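All remarks here apply to the structure that follows.
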Amino acid sequence: MASLRSRARAGEKLVGALLRMPSEELVEMLAVADFDFVLIDCEHGPADIAALRQHIAVAAAHGVPVIVRVGEGDRGQILRVLDQGAEGILAPHLDTEEDAAALVDAAMYPPLGGRGFATYSRAGRFGLVAPADHLAWWLENTLVMGMIESPRGVGNAEAIASVPRFDGVMVGPADLAASSTADDPPVLEAIDAVHSALAQAGSLRMDIVGTRDAASAAFADGADLVVYNLTSSLMAHLRGLASPAR
């Protein structure tokens, strides 16, 4: 089966959902519903590696790849997440080219990065994958993405997108709005500027949305991957269910 990174790089438009642990059953439901990937939140959600491993294993049983949003600057978590078989990393709060380069270094094996090498993890099928094959597959297929969530990051979007082996960006609109002042460009203009920088660099763009119509609009506007904020979508649905005509 083609990796998530290779599918995105080949031009497929991919749909996922952002969820927080513990959500093992939701992972399986997303897989059964034919989502392309699952994005598990270990930044704002509980970052329990044992529970995360179970979520990744459930997704893998259905052939669905997992991206993990890790904590800010957490190099150790990046290694453990990838060792458990996550196909991609999404790191928050990239403000500079150096931030993106450090992320690549943490996520990639040598010679592209400095991640510790092991084949006896779940990702290496507990040692059954030949070291050379394991190294080659993950060098080619690890998806390395980051979030731009501040005016400083917006200003450095072109430099961030140009970092070798850095795959792409998801703008964090809530943090961007919270960190912007009256002296900064309006949030929608800032997001457009990031998207333009990504398109110029040939980098992947991931958008976070709340509805199917918003997902369609994001793809039409140039997004490569779209991820639903599942908490927001579920709460809107649940509120609607709680308010029938009586």
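The values are calculated or read from the model by the stated rules, or taken from the named source; none is laboratory data. Everything quoted here is computed from the prediction, not taken from an experiment. With ideal geometry, Cβ positions are generated from the backbone for all residues, glycine too; neighbour counts draw on all protein chains shown. Side chains are part of the model used for accessible areas, which takes the heavy atoms of the whole protein and leaves out ligands, DNA and RNA. Shrake-Rupley method; radii C 1.70, N 1.55, O 1.52, S 1.80 Å.
Side notes on the structure shown:
- Within region 94-124, being among the hydroxyl-bearing types (Ser, Thr, Tyr) and open to solvent by less than 40 Å² (accessible area, probe 1.4 Å) holds for 96, 109, 119, 121.
- Among the candidates 8, 86, 2, the residue that is in a loop (DSSP other than H, G, I, E, B), within 15 Å of the chain's Cα centre (by Cα) and under 25 Å from residue 134 (Cα atoms) is uniquely 86.
- All conditions in (1) without any contact (Cβ under 8 Å) to a residue 24 or more places away in the chain; (2) under 16 Å from residue 172 (Cβ atoms); (3) among the aliphatic types (A, V, I, L, M) hold for residue 204, with the sole exception of (1).
- Residue list for region 125-149, restricted to those being of a type outside the set (A, V, I, L, M) and either open to solvent by 20 Å² or more (accessible area, probe 1.4 Å) or not in a loop (DSSP other than H, G, I, E, B) (or both): 125, 126, 127, 131, 133, 134, 137, 138, 140, 141, 146
- Scanning region 207-232 for residues that are in contact with a Gly (Cβ under 8 Å, 6 or more places away or on another chain) and without any contact (Cβ under 8 Å) to a residue 60 or more places away in the chain turns up just one, 232.
For every residue, the table says whether it meets (1) outside any strand (DSSP E or B); (2) under 13 Å from the mean Cα position of the chain (by Cα).
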| position | (1), (2) |
| --- | --- |
| 71 | yes, yes |
| 80 | yes, no |
| 90 | no, yes |
| 95 | yes, no |
| 100 | yes, no |
| 106 | yes, no |
| 111 | yes, no |
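- Meets criteria (part of a helix (DSSP H, G or I) and either touching a Ser or Thr at 6+ places or on another chain (Cβ under 9 Å) or open to solvent by 30 Å² or more (accessible area, probe 1.4 Å) (or both)) for residue 184: no
- Being assigned to a helix (DSSP H, G or I) and out of contact with any helix residue (DSSP H, G or I) (no Cβ under 6 Å at 6 or more places or on another chain) is a property that residue 174 has.
- Residue in region 92-102 that is in contact with a strand residue (DSSP E or B) (Cβ under 6 Å, 6 or more places away or on another chain) and either among the β-branched types (Val, Ile, Thr) or without any contact (Cβ under 8 Å) to a residue 24 or more places away in the chain (or both) present: no
- Here residue 216 meets each of (1) open to solvent by 10 Å² or more (accessible area, probe 1.4 Å); (2) under 16 Å from residue 16 (Cα atoms); (3) within 18 Å of the chain's Cα centre (by Cα) with one exception, condition (3).
- Filter result (open to solvent by 10 Å² or more (accessible area, probe 1.4 Å), in contact (Cβ under 8 Å) with a residue 60 or more places away in the chain and within 23 Å of residue 216 (Cβ to Cβ)) within region 1-10: 9
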